[in-house]
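Only one structure is covered here, and it is reproduced in the block below.
Values quoted throughout were computed directly from the atomic coordinates according to the rules given, and no laboratory measurement underlies them. On a predicted model such as this, the values are computed, not experimentally measured, just so you know. So basically every Cβ, Gly included, is an ideal-geometry build from the backbone, and we count neighbours across all protein chains shown.
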Amino acid sequence: MVRELTLYQVDAFASEVFSGNPAAVCPLQAWFSDEVLQSIAEENNLAETAFFVPKDDGFHIRWFTPESEINLCGHATLASAFILFEKLNWREEVVTFESKSGRLSVRLSDDVLMLDFPSQPGTLCEPPRALVNGLGCEPSEVLACEDYMAVFEREEDIVNISPNLDALTQLDLRGVIATAKGRDVDFVSRFFAPKVGINEDPVTGSAHCMLTPYWAEKLDKAQLKARQLSKRTGELGCELKGERVFISGKAVLYLEGKIWI
């Protein structure tokens with residue numbers, strides 16, 4: 001039996017199309033097999049495809065890259081909330097999601113969406129050789145959590161990275177965040193995860209769960225402005241509150257269609 005599903009494509013952390021980070025959003029009434037979900041994500045060929053199903057007073061959400069399921073994704077969660085508010089008549093100010101990373105929520109205020117995510121501070125570690133080879137330069141320090149985070153001295157260092165993707169594929173964690181203090185924002189970053197099929201992610205909400213506590217401590221401020229320096233570029237507001245990180249941005253709808261599986 002052929003089943004018809006609605007599929008949306010949203011540019012997250014963006015105020016106009018062709019910027020920010022595109023995510024596919026596929027609302028479901030019940031879960032399909034993991035193989036079907038992975039096949040849809042592979043066919044979409046975007047950094048992430050988000051699927052969600054109704055659960056109690058909110059939704060259960062999962063995220064897939066073209067290669068595998070992941071534990072946390074910021075921009076596809078923001079995109080999912082945007083679709084619920086804009087297309088699926090969610091009338092509350094907050095939508096909640098249960099996920100592999102616990103309970104997540106997104107609040108809509110005017111046209112700005114704010115993610116409530118777990119803080120994931122990193123632990124200082126020795127730079128893996130694959131990381132140094134992959135980035136082509138030696139960071140001032142490296143931390144580890146879900147990803148590695150390589151800290152550099154200047155924004156120009158981040159701009160000039162030309163990654164060796166084969167080397168970065170050898171990392172034992174999901175990917176690597178490269179970051180430095182910004183010139184006209186608090187901090188800048190780029191994110192590379194070829195191991196899970198994402199050579200360079202345009203705007204990575206989940207990376208800011210690690211970036212925010214680091215820069216909040218370094219700059220001695222809880223509210224920060226961030227920019228991800230990918231080709232598409234993304235602007236994010238970040239705030240550290242105890243063990244939670246609040247990440248805010250806008251989203252725009254690019255595509256709405258049907259798929260048949």
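Which angle between 0 and 90 degrees, to the nearest 10, do you get for helix 34-44 versus the longest principal axis of the chain when only C-alpha atoms count?
Tilt of helix 34-44: around 70 degrees.
About its Cα centre, what dipole magnitude does segment 92-159 give when the only charges are +1 on Lys and Arg Cβ and -1 on Asp and Glu Cβ, stated in debye to the nearest 20? Write out the running numbers ahead of the final one.
On the way: 5 positive and 15 negative charges, 69 e Å.
That gives segment 92-159 a dipole magnitude of about 340 debye.
Please list log₁₀ I(q)/I(0) at q = 0.14 Å⁻¹ for the chain, using the Debye equation with identical point scatterers on the alpha-carbon positions.
-0.91
Could you state the number of Å between the C-alpha centres of segment 226-261 and segment 68-108?
One Cα centre to the other: 11 Å.
Along segment 137-146, what does the Karplus equation 6.51 cos²θ - 1.76 cosθ + 1.60 (θ = phi - 60°) give for ³J(HN,Hα), rounded to whole Hz, x for Gly and Pro?
For segment 137-146, the Karplus curve yields 7, 8, x, 6, 7, 10, 10, 10, 8, 5 Hz.
Work from the charge dipole of segment 84-160 (Cβ charges, +1 for Lys and Arg, -1 for Asp and Glu, about the Cα centre) and give the residue of 99, 118, 132 farthest towards its positive end.
99
Identify the trypsin sites (Lys or Arg not before Pro) of segment 174-261 meeting these criteria: DSSP loop state and at most 12 other C-beta atoms within 10 Å of the C-beta. Please list the in-between numbers first.
Numbers: sites: 174, 181, 183, 190, 195, 218, 221, 225, 227, 231, 232, 241, 244, 250, 258; in loops: 174, 183, 221, 231, 232, 250.
Answer in residue order: 183, 221, 231.
Taking the Cβ of residue 173 as the centre, find all other residues whose Cβ is under 9 Å away and add up their charges (Lys, Arg: +1; Asp, Glu: -1). Show your work: numbers first, answer last.
Numbers: positive: 174, 195; negative: 146, 147, 172.
So the environment of residue 173 carries a net charge of -1.
Which is the longest run of the chain containing none of the GluC sites (Glu not before Pro) found in DSSP loop states (not H, G, I, E, B) with at most 13 other C-beta atoms within 10 Å?
On the way: sites that count: 16, 92, 93, 153, 243.
The longest uninterrupted stretch comes out as 154-242.
Using the alpha-carbon atoms, what tilt in degrees (0 to 90, nearest 10) does helix 74-86 show relative to the longest principal axis of the chain?
The angle comes out near 30 degrees.
Under 5 Å between amide hydrogens, which residues at least 5 positions from residue 234 or on another chain qualify, with H placed 1.01 Å from N in the peptide plane?
228
If you build the convex hull over the alpha carbons only and average its shadow over all orientations, what do you get for segment 123-242? Give it in nm² to one decimal.
Details: hull surface 26.5 nm².
Averaging across all directions leaves 6.6 nm² for the Cα convex hull.
For the chain, give the magnitude of the charge dipole about the Cα centre (Cβ charges: +1 Lys/Arg, -1 Asp/Glu; no others), in debye to the nearest 20.
220
Between segment 7-29 and segment 119-138, what's the alpha-carbon centroid distance in Å?
30
Assuming 0.36 nm per residue, please report the length gained on full extension of the stretch residue 244 to residue 89 beyond their Cα-Cα distance.
Working: separation 155, 0.36 × 155 = 55.80 nm, distance 2.75 nm.
Stretched fully, the residue 244-residue 89 segment lengthens by 53.1 nm.
May I ask you to work out the translational diffusion coefficient for segment 101-192 at 25 °C, viscosity 0.890 mPa s, via Stokes-Einstein with Rh from the Kirkwood sum over Cα pairs, reported in whole µm²/s?
Numbers: Rh = 14.5 Å.
Diffusion coefficient, whole number: 169 µm²/s.
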